[in-house]
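Report on one structure; see the data block that follows.
Throughout, read-outs are computed from the coordinates displayed, never taken from laboratory work. Predicted model only: the values in this text are computed from it and were never measured. Using ideal geometry, Cβ is built from the backbone for each residue, glycine included, and neighbour counts are taken over all protein chains shown.
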Amino acid sequence: MNASLPALRLSSFALRFVMIVSVAMAILSLLLWFEGDFDREFHPAHNPLRDNPAIVALLATFTRFGMSAICLLLLVSIAASHRFPALRPDRPVLLVVLFTFSAATLTGELLKELLGRVRPITELAGQLKAEGRYGSPSFPSGHAAKCRALAQLFVLIVSSFSAIVRLVKVSLILVASLVCDSRIVLGAHSLSDVLAGAALTLACVPVAVAAANGIYDRGKVTPEKLSTVVKRLTVVLLALAICLPLL
């Protein structure tokens, strides 16, 4: 009888962190939205950045290609796990990453349609030095939810302390943060939208971990079959890296 993979675990600290930060960010985002003044004043304060074409171009690049860059960083970690055996026990985390991404994307799109918040570039027309058209509502930020779903699970769960993993983690945090900032500067989202997107992703983490463990606990994915699963997840990440800039 083939052994199943060991269950993925969030440390007690990580679980408390996820729960507390998720609730706190969700409450803060709603308070900022309903209070309104801070959200509205926060945007015009970024107009000096919008006056710089180089900054706008750079942030537009992160908006379009940032999530693809995160996928490529995850692919680097997969490639490194083939070379360095110490990284291989963390490969099951990739399934949790994709589950979180899927849950955050679907839930975020549903909330957008239910809440129907107008985009800042429309609500504050004439006050923002920004251009663009967006066909979907604003709250929560889909970019914030998706990029953090792809990035933060790797940061939270992967336990290896090798130099390459530390470098990947720092890079993931940096790129995800710049994607979130770009949405505010470009007028696509308010600060409350971005906070709500991040809160949504954190709320999906325990569910995604439980879903992945449900698959691993059935014994259908054995340590011997993990390499095949990782190859399939690699294809999914590569497809996301190619397709996300087109959406």
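To the nearest 20 debye, what charge dipole does the chain have about its Cα centre, counting +1 at the Cβ of each Lys and Arg and -1 at the Cβ of each Asp and Glu?
Details: 23 positive and 14 negative charges, 200 e Å.
Taking the Cα centre of the chain as origin, the dipole is about 960 debye.
May I ask you to derive the relative contact order of the range 79-187, considering only C-alpha pairs under 8 Å and at least 6 residues apart, and to give it as an integer percent? Here the relative contact order equals 33 percent. Loop-resident trypsin sites (Lys or Arg not before Pro) (DSSP state other than H, G, I, E or B) in the range 99-199 with no more than 12 further Cβ atoms inside 10 Å of their Cβ: Arg133. Take the Cα of Val118, step 7 Å toward its Cβ, do the same at Lys225, and the gap between the two points is 5.3 nm.
Hey, what number do you get for the chain at 222 nm if only DSSP H runs of n ≥ 4 count, each worth -39500 (n - 2.57), divided across all residues, to the nearest 500? Display every interim value, and only then the final one.
Working: 10 runs with 176 residues, N = 247.
Rounded to the nearest 500, the figure is -24000 deg cm²/dmol.
Summary value for the chain: 39 percent relative contact order, contacts being C-alpha pairs under 8 angstrom separated by 6+ residues. The 3J(HN,Hα) values that the Karplus relation (6.51, -1.76, 1.60; θ = phi - 60°) gives for the range 111-118 are, in residue order, 5, 4, 5, 5, 8, x, 6, 6 Hz. Gly and Pro appear as x.
Keeping to pairs on different chains or 8 or more places apart, tell me how many lysine pairs in the chain have Cα atoms under 27 Å apart. The partial results should precede the final answer.
Values: Lys112/Lys129; Lys112/Lys146; Lys129/Lys146; Lys146/Lys169; Lys146/Lys231; Lys169/Lys225; Lys169/Lys231; Lys220/Lys231.
Taking the Cα cut-off of 27 Å, the pair count is 8.
Longest segment of the chain with no GluC sites (Glu not before Pro) in a DSSP loop having at most 12 other Cβ atoms within 10 Å? The segment 1-130 is the longest one with no such site.
Using +1 at the Cβ of each Lys and Arg and -1 at the Cβ of each Asp and Glu in the chain, identify which of Ile121, Thr228, Phe101 lies farthest towards the dipole's positive end. Checking the options against the dipole of the chain, the answer is Thr228.
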